[in-house]
Amino acid sequence: MAFSGGPDSAAALRLAAERGAAEGFETVAIHVDHGLRPESASEAARAAAIAARLGVPCVVRREDVRAWRARRGGSLEGAARERRYAALAEEAARLALDATVVAHHRDDQVETVLLALLRGGGFDALAGMSPARPLTAACVLLRPFLDVARDDLRRDSPAGDAVDDPSNFDERFRRNAVRRALLPALRGVEPDVDALVLALAADARAVVDAADRAWARVIDQARVEPGLFEAPRAALDAAGRIARRRGWVRVFKESDAFGGPASEGLLTTLEHAFERPPHHDDLRPGVRLLSGAETTALYVAASPFDSVATFPADAARLELPAGGPRRVVVRRLPHGEPPPADADAPRRFRLHLRDGATLEVREPRPGDRFLLERGDGRGRALDVLTDAKVSRVWRRRVPLVFVDGALRWIAGVRRVGVAGEGAANAELILEGPAPWIDAPRA
């Protein structure tokens, strides 16, 4: 239980403790002291005492919200909320919790939706708080009281124990102003305003849930790895504008390589480009959008990877990272092993390796060249990829393998021979997704 020590969370903690005793699950209270007022430490001690009287262990976390806000900006309310949920997630992971319950109720939901209206929020904000969402990979955040009115929930609060945070009465905070001034005024004009607001939230939630299902269908057909998101244009078009916008937000949020969350302006630019292909341009420094007739991709223009290793005389196998989920495996060939089937040829390359040879696997660079097979001169690796019609999204992600400093293999595209090379005693194998081999696109 997220436990502030106030009457709402005290009632919820009491209900959880009683249900746990009856059904055999453990309950722990987690109190987050935001450190915003001198008396917050004594309030944390009171919260721990309430939990103890209910037979529930209590973990107290002290957070420096003001320092967090100084680094991140935004409102004090927003900073406190961010640090509170971060602390809950950290404790959920540390204690291996299955669920974390918060005591938000029906009145909180009404206030949340009204605040979203005042801020001009979209469907996601108007949908209000969700009954359940992931908190960590292994723990779900639950809000089981969203259909329960505040007064009904507080009937279960331990008498005389709970105390409201004084800041809950400070109307300088927007939520308090909505609760104490705006909502009473609205109820005076329209007695059913709570039900009307909740109906709006239910409609918005239905739109959001449908959009999330549509985006899940896009993800099923997409290629996603650090610094890259590529999906069929038809799938993105079928998902619809709301699903795409929510999806773009997730793509930028879930990959640090894209340079942080997407701004409203960037989302508008992205959607405009998607609706008017072809388009290939920078969305922000180093982050590009390719929107064509068949595919749409967000990708980091430079996706460097560099793996160097030696192949010892006694080694039978060696693995080198090759960008994202790919790797190049170096395997010593048993004497007399037959060559692979032709179908495997693009992902395999047999060659002679001296004992202790140095192998490097990295992305293509403009200066990479190799000896041409006939006549004088040298070829350029990037020209080979262009001639092979490898998509611009993937040209800098194709692994190049160098042996003792010489380019030997543009994985899946070209092998580079060496005059007078001995019999093949090793094999290079490309493992992992390789769209430039499996589904090349110009």
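Computed values, structure above
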{"read-out": "Selection from Ala222, Gly377, Val148 lying farthest towards where the dipole of the chain points positive, charges on Cβ", "value": "Gly377"}
{"read-out": "Calculated from backbone phi, Karplus (6.51, -1.76, 1.60) coupling profile of the range 90-96 in Hz, x at Gly/Pro", "value": "5, 5, 4, 5, 5, 8, 6"}
{"read-out": "Ratio of Rg to Rh over the chain (Cα coordinates, Kirkwood Rh, two decimals)", "value": "1.11"}
{"read-out": "Shape of the range 220-286, Cα gyration tensor, a/c cut at 1.5", "value": "rounded"}
{"read-out": "Estimated translational D of the range 40-85 in µm²/s (Stokes, Kirkwood radius over Cα pairs; 25 °C; 0.890 mPa s)", "value": "205"}
{"read-out": "Rounded if a/c under 1.5, otherwise prolate or oblate - the range 17-142, Cα gyration tensor axes", "value": "oblate"}
{"read-out": "Size of charge dipole - the range 283-416 - debye, nearest 20, with Cβ of Lys, Arg +1 and Asp, Glu -1, no other charges", "value": "360"}
{"read-out": "For the range 263-369: relative contact order, % (alpha-carbon pairs under 8 angstrom, 6 or more apart)", "value": "23"}
{"read-out": "Positive-end extreme of charge dipole, the chain - chosen from Ala79, Ala93, Val287 (charges on Cβ)", "value": "Val287"}
{"read-out": "Where labels lie 7 Å past Cα in the beta-carbon direction, separation of Arg53 and Glu90 in nm", "value": "3.0"}
{"read-out": "Two-site label geometry, Val249 and Glu431: point separation in nm, points 7 Å out along Cα→Cβ", "value": "3.9"}
{"read-out": "The range 313-442, accessible area per residue, ligands and nucleic acids excluded (1.4 Å, Å²)", "value": "51"}
{"read-out": "Total charge dipole magnitude, the chain, about the Cα centre, Cβ charges on Lys, Arg, Asp, Glu only, Debye to nearest 20", "value": "1160"}
{"read-out": "Fully extended contour minus Cα-Cα distance, from Arg46 to Leu76, at 0.36 nm per residue", "value": "8.4 nm"}
{"read-out": "Charge sum, other residues only, whose C-beta stays under 11 Å from Gly260's C-beta, Lys/Arg counted +1 and Asp/Glu -1", "value": "+1"}
{"read-out": "Spin-label model distance (nm) - Asp237 vs Ser263, 7 Å beyond Cα toward Cβ", "value": "3.1"}
{"read-out": "Rg/Rg_ref, the range 237-347, where Rg_ref = 2.2 N^0.38 Å and atoms are Cα", "value": "1.57"}
{"read-out": "Listed residue (Ala273, Ala238, Val251) projecting farthest to the positive dipole end of the range 233-281, Cβ model", "value": "Ala238"}
{"read-out": "Relative contact order (%) - the range 1-139, alpha-carbon pairs under 8 angstrom, separation at least six", "value": "22"}
{"read-out": "Reduced Cα scattering model of the range 300-402, Debye log10 I(q)/I(0), q = 0.13, 0.24 Å⁻¹", "value": "-0.58, -1.40"}
{"read-out": "Listed peptides 329-336, 2-9 by packing density, highest first (mean Cβ within 10 Å)", "value": "2-9, 329-336"}
{"read-out": "Stretchable slack from Ala423 to Asp212, in nm (0.36 nm times residue separation minus alpha-carbon distance)", "value": "70.4 nm"}
{"read-out": "Cα centroid of the range 202-232 to Cα centroid of the range 288-340, whole Å", "value": "28"}
{"read-out": "Sorted peptide list for 146-153, 379-386, criterion being average Cβ within 10 angstrom, highest first", "value": "379-386, 146-153"}
{"read-out": "Relative packing of peptides 178-188, 125-135 - highest average C-beta neighbours within 10 Å first", "value": "125-135, 178-188"}
{"read-out": "The chain, relative contact order [Cα under 8 Å, separation at least 6], %", "value": "10"}
{"read-out": "Shape category assigned to the range 86-162 from the gyration tensor of Cα positions, a/c cut at 1.5", "value": "oblate"}
{"read-out": "Table column - 3J(HN,Hα) (Hz), the range 255-262, Karplus curve with 6.51, -1.76, 1.60, x for Gly and Pro", "value": "10, 4, 4, 7, x, x, x, 7"}
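The values are calculated or read from the model by the stated rules, or taken from the named source; none is laboratory data. Computed from a predicted structure; not experimentally measured. Cβ: placed from backbone, ideal geometry, glycine included. Neighbour counts: every protein chain shown. Protein only, heavy atoms only, side chains kept; ligands, DNA and RNA dropped before computing areas. Shrake-Rupley method; radii C 1.70, N 1.55, O 1.52, S 1.80 Å.
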